[in-house]
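A short worksheet on the structure shown next.
The values are calculated or read from the model by the stated rules, or taken from the named source; none is laboratory data. Model, not experiment: these values are computed from the prediction. All Cβ positions, glycine included, derive from the backbone under ideal geometry; neighbour counts span all protein chains shown.
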């Protein structure tokens with residue numbers, strides 16, 4: 001069975017182990033220290049017979065209004081006989097204050113005057129591309145991961161420091177902008193330890209909304225920028241090709257892309273049926 005999976009080029013298993021959650025009350029009133037730990041292990045057999053192992057540990061601690069996230073990842077590569085070929089360790093950490101209200105905006109007190117917030121300027125765009133606009137490109141390719149969209153590369157007017165590649169995903173027929181990716185081959189570091197990542201602060205400033213953590217063991221954050229549009233940021237370990245990825249998309253345009261894809265498929269099936277009917281008729285006449 002082991003040989004068979006190696007011939008196929010993939011053999012993976014994931015071992016999930018969630019550590020115990022410890023809570024300790026602080027000595028001063030109204031404050032509480034909370035520490036949550038988790039870990040994840042994975043083993044993958046590569047095409048050349050080597051085995052890659054990854055062990056990730058994450059700790060999220062809260063001390064009053066200060067949140068600290070620490071991530072440590074150890075990667076090892078063994079040959080078919082179990083001999084160590086390579087070993088590396090990377091760490092990521094950030095600390096920030098979220099206040100006693102957590103990751104939500106404070107509620108106004110009773111009787112307070114509530115003013116309607118002004119709309120965020122250019123919240124309908126990302127990396128200079130406006131959602132719903134037609135992308136004037138010619139280098140469209142299909143992407144197996146996005147079967148209802150077409151992909152193209154582009155160069156933003158203002159380059160984002162530390163990022164290598166930029167992709168736009170469009171509807172298959174009208175080529176309207178649906179998703180925009182910014183990808184970095186190396187993890188984009190904050191520049192100082194134990195400080196909140198500057199990309200998270202920049203996105204919060206740009207779209208005037210809170211970042212919401214989405215994983216206890218990976219630096220993943222999401223943003224609701226309004227109007228059915230969202231942003232997800234993976235600061236480290238995003239994919240095999242990229243360490244850091246930021247993607248923004250429009251939900252309504254995803255639905256439009258699915259509708260256009262289905263219409264194209266219906267037309268293709270209709271054209272195929274008509275072509276077959278003509279071939280049957282021609283063959284019948286020949287007989």
Practice item. State which residue is farthest from the chain's Cα centre (by Cα) when the search covers only the range 241-276 and only residues that are in a helix (DSSP H, G or I) and under 18 Å from residue 167 (Cβ atoms). Key: 257
Exercise for review: Could you identify the single residue in 218, 206, 195 that is surrounded by 15 or more Cβ atoms within 10 Å (Cβ to Cβ) and either in a loop (DSSP other than H, G, I, E, B) or at pLDDT below 90 (or both)?
Suggested key: 218
Review point. What is the number of the single condition among (1) surrounded by fewer than 20 Cβ atoms within 10 Å (Cβ to Cβ); (2) in a helix (DSSP H, G or I); (3) assigned by TED's automatic domain parsing to the domain that holds residue 160 that residue 200 does not meet?
Key: (1)
Exercise for review: Output the residue which, of all residues in the range 158-182 that are more than 14 Å from residue 141 (Cα to Cα) and surrounded by 23 or more Cβ atoms within 10 Å (Cβ to Cβ), is farthest from the chain's Cα centre (by Cα).
Suggested key: 177
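Would you mind listing the strands (runs of 3 or more DSSP E) fully within the range 1-94 where at least 3 residues are at pLDDT 75 or above?
On the way: elements: 11-17, 22-25, 32-45, 51-63, 66-78.
In the range 1-94, 32-45, 51-63, 66-78 are the strands (runs of 3 or more DSSP E) which contain 3 or more residues that are at pLDDT 75 or above.
Identify all residues within the range 227-237 that are in contact (Cβ under 8 Å) with a residue 24 or more places away in the chain and either out of contact with any helix residue (DSSP H, G or I) (no Cβ under 8 Å at 6 or more places or on another chain) or assigned by TED's automatic domain parsing to the domain that holds residue 73 (or both); write none if there are none.
The first filter runs over the range 227-237 and keeps only residues in contact (Cβ under 8 Å) with a residue 24 or more places away in the chain, leaving 227-229, 231, 233, 235-237.
Of everything in the range 227-237, those that are in contact (Cβ under 8 Å) with a residue 24 or more places away in the chain and either out of contact with any helix residue (DSSP H, G or I) (no Cβ under 8 Å at 6 or more places or on another chain) or assigned by TED's automatic domain parsing to the domain that holds residue 73 (or both) turn out to be 227, 236, 237.
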Exercise for review: Considering only the range 122-141, state which residues are under 24 Å from the mean Cα position of the chain (by Cα), surrounded by fewer than 14 Cβ atoms within 10 Å (Cβ to Cβ) and modelled with pLDDT under 90.
Suggested key: 122, 139
